[in-house]
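So the structure is just underneath, and the comments pick up after that.
Each reported figure results from applying straightforward, stated rules to the coordinates on display, with no laboratory input. Here the structure is a predicted model, which means the values were calculated and not measured. FYI the Cβ positions are ideal-geometry reconstructions off the backbone, even for glycines, and counts take in every protein chain you see.
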Amino acid sequence: MKIFKNKKTLIKKLNGDQNLSFIPTMGALHKGHLSLIKKAKKKRFKTLVSVFINPKQFERKQDFKRYPKNLRKDIQILKKEKIDYLFIPKFKDIFSFKCQNKVFLSNFSNKLCGKFRTGHFKGVLEVVSRFLEIIKPKYIYLGVKDFQQLVLISEHIKKRRLKTKVISCKTIREKNGLAISSRNKLLKTNEKKIAIKTINFLKNRKKKIVLKDINSITNRLLNFGVTKIDYIKIMDIKKLKYENKVKKNCNIFIAFSVNKIRLIDNF
Ligand code: AMP
């Protein structure tokens, strides 16, 4: 595994090789990230993982500061996975050049998390579009756990006619049902129990949930100890439209906080 800490050396090494599978991450790697890497490795293209905590996608400095970090362990994990390239850029590597493609942010960015995290998706797209310009990968691997991010990146790629193909990857969960997330590491034992209870409550009722029940469900979850619920929505994942009940192609989307740890999921 070759490690690149700046853009120049990476570009030199890649030398225009576009047969690359790219897996962008913010580090603190876990089994969710590994599933993306393992899927990419099956393709027999060179795998490039990035670890970059993008400050532009955090609305609050505090949130950015306390985001879990463990670069030494990340490097060990990635070496074991035998990925080809690890890119750990600095802020200026990503943001100091003039981008060829303006970020395209579709109206879908105003739904779900977009309503609650001002500037978040713009920040995500700014960094991903720059990564795509530097690396020009054949494939980019993205998790369905961050469904809205996956859709917005796909829409940007399509609109700007980039050649990169998006490969969506299913959500990896702990045995208890909770989607694995770097942020789970910030939860205390009791807070984690509340998060698990919340997800399982919704998962078990998924098919029966209708719009008019959302208020009572919200109250129930607050009683479990959830501190805040940004939204619980039923959405058709093909049409990207909110629905009143769970029909074919519908998922439940939730964003909630336990103490100050904000979690998202969809199933
Ligand atoms: P992050 O480091 O949180 O920015 O995530 C990097 C990539 O891993 C994104 O495409 C996420 O959607 C994906 N990812 C995060 N958690 C999971 C999970 N539990 N299962 C599958 N993919 C995930």
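Quick check for me: using +1 on Lys/Arg Cβ and -1 on Asp/Glu Cβ, what's the dipole size of segment 88-213 about its Cα centre, in debye to the nearest 20?
That gives segment 88-213 a dipole magnitude of about 360 debye.
Using Cα atoms only, what is the angle between the long axis of helix 189-205 and the major principal axis of the chain, expressed in degrees (0 to 90) to the nearest 10?
Helix 189-205 sits roughly 70 degrees off the main axis of the chain.
Please list 3J(HN,Hα) in residue order for segment 259-264, calculated via the Karplus relation 6.51 cos²θ - 1.76 cosθ + 1.60 where θ = phi - 60°; whole Hz, with x for glycine and proline.
6, 10, 8, 9, 10, 10
Report ³J(HN,Hα) in whole Hz for each residue of segment 152-158, in order, from the Karplus equation J = 6.51 cos²θ - 1.76 cosθ + 1.60 where θ = phi - 60°; Gly and Pro get x.
Using θ = phi - 60°, the values come out as 5, 5, 4, 5, 4, 4, 5 Hz.
Let's test the formula: R0 of 35 Å, r as the Cβ-Cβ distance of Glu133 and Lys248. What FRET efficiency results, to the nearest 0.05?
0.40
Give the distance, in whole Å, between the Cα centre of segment 169-190 and the Cα centre of segment 58-98.
20
Angle between the Cα long axis of helix 71-81 and the longest principal axis of the chain, 0 to 90 degrees, nearest 10?
Roughly 80 degrees between the two axes.
Along the charge dipole of the chain, Cβ charges K/R +1 and D/E -1, which of Asn215, Gln100, Asn19 sits furthest on the positive end?
Asn19
Going by alpha carbons, how many degrees (0 to 90, nearest 10) lie between the helix axis of 214-224 and the longest principal axis of the chain?
Computed tilt is about 80 degrees.
Write down the radius of gyration of segment 2-169 and its Dmax, each obtained from C-alpha positions, in Å.
Rg and Dmax of segment 2-169, Cα atoms, are 15.1, 41 Å.
So what is the 222 nm mean residue ellipticity for the chain from helices alone, if each DSSP H run of at least 4 adds -39500 (n - 2.57) and you divide by all residues, rounding to the nearest 500 deg cm²/dmol?
Computed mean residue ellipticity for the chain: -11000 deg cm²/dmol.
Along the positive direction of the dipole of the chain (beta-carbon charges: Lys, Arg +1; Asp, Glu -1; about the Cα centre), which of Ile167, Leu186, Tyr67 reaches farthest?
Sorting the options by dipole projection puts first Ile167.
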